[in-house]
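> Okay, handing you the structure first.
The values are calculated or read from the model by the stated rules, or taken from the named source; none is laboratory data. Computed from a prediction, not measured in an experiment: that's the story for all the values here. Cβ: placed from backbone, ideal geometry, glycine included. Neighbour counts: every protein chain shown. Calculation scope for accessible area: heavy atoms of the full protein, side chains included, ligands and nucleic acids excluded. Shrake-Rupley method; radii C 1.70, N 1.55, O 1.52, S 1.80 Å.
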Amino acid sequence: MMQIYALCCGYLEFDRHVFFPDRAPGTRMTIPVSSYLLIHPNGRVLFDTCVHCQAITDPIGRLGERRATRFTVRSQVVDDVVSQLARVGMRPADIMYVINSHIHVDHCVGNECFPQATFLVQSREMERAHGPDNPDDSQDVDHPLTSHLIEGADDLCGDGQLVLSTAIRCG
């Protein structure tokens, strides 16, 4: 049996034009930033690592000027994923795998907090993050971490309970 914990890791505010280019710029929106802890009999898995705690206190230093201008972190220091894991009695060292749904500021900036985990990401998404149109995204994954690139579907635990697959991306 698998247990799933939804972890609220704060909020991001931005101009909705960023995600909805057909809308006129000038309207701000705030979205939750979430991570999910999956406790499987074969190991603990974290789905997304959210915004690094340093982005709360030093957004330009952590995110870079371009992203810090576009995104406002609306979180408290205790909202980072490491603090949220502690609330359910876990530490970064307890996590075997980290799954990055995709390489964006609200999904993977906390990766470096899990140096002992194996990181799983679709190879197509990693290529996009290192592409010329995404100069900021590659800094979030260019850490000396163990990564496993996935092509298509992957049954992580071998029992059909946790299957990673390629998703269709918007944008």
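> Considering the range 64-79 alone, what residues qualify as being open to solvent by less than 90 Å² (accessible area, probe 1.4 Å), at pLDDT 85 or above and among the β-branched types (Val, Ile, Thr)?
Of everything in the range 64-79, those that are open to solvent by less than 90 Å² (accessible area, probe 1.4 Å), at pLDDT 85 or above and among the β-branched types (Val, Ile, Thr) turn out to be Thr72, Val73.
> Now for a different question. Just to be sure, is Tyr11 open to solvent by 60 Å² or more (accessible area, probe 1.4 Å), touching an Asp or Glu at 6+ places or on another chain (Cβ under 9 Å) and either farther than 25 Å from Leu145 by Cα or among the small types (Gly, Ala, Ser) (or both)?
For Tyr11, the condition - open to solvent by 60 Å² or more (accessible area, probe 1.4 Å), touching an Asp or Glu at 6+ places or on another chain (Cβ under 9 Å) and either farther than 25 Å from Leu145 by Cα or among the small types (Gly, Ala, Ser) (or both) - is met.
> Can you list the helices (runs of 4 or more DSSP H) lying wholly within the range 28-112 that have 3 or more residues being not polar (S, T, N, Q)?
59-63, 65-70, 81-87, 105-108
> To continue, here is another question. Of Val121, Val105, which residue is out of contact with any Pro (no Cβ under 6 Å at 6 or more places or on another chain), of a type in the set (A, V, I, L, M, F, W, C) and at pLDDT 80 or above?
Result: Val121 is the single residue among Val121, Val105 that is out of contact with any Pro (no Cβ under 6 Å at 6 or more places or on another chain), of a type in the set (A, V, I, L, M, F, W, C) and at pLDDT 80 or above.
> In the range 1-37, what residues are under 15 Å from His52 (Cα atoms) and either among the aromatic types (Phe, Trp, Tyr) or at pLDDT below 90 (or both)?
Tyr11
> Please go through (1) assigned to a helix (DSSP H, G or I); (2) within 16 Å of the chain's Cα centre (by Cα) for His17 and return the number of the only condition it doesn't satisfy.
Here His17 meets the rest and fails (2).
> List, please: which pairs have Cβ atoms under 8 Å, are six or more places apart or on different chains, and start with a residue in the range 88-110 that is within 22 Å of Val73 (Cα to Cα) and end with one that is among the charged types (D, E, K, R) and open to solvent by 20 Å² or more (accessible area, probe 1.4 Å)?
Pairs that qualify, where the first residue is within 22 Å of Val73 (Cα to Cα) and the partner is among the charged types (D, E, K, R) and open to solvent by 20 Å² or more (accessible area, probe 1.4 Å), are His102/Arg169; Ile103/Arg128; Val105/Asp136; Val109/Arg62.
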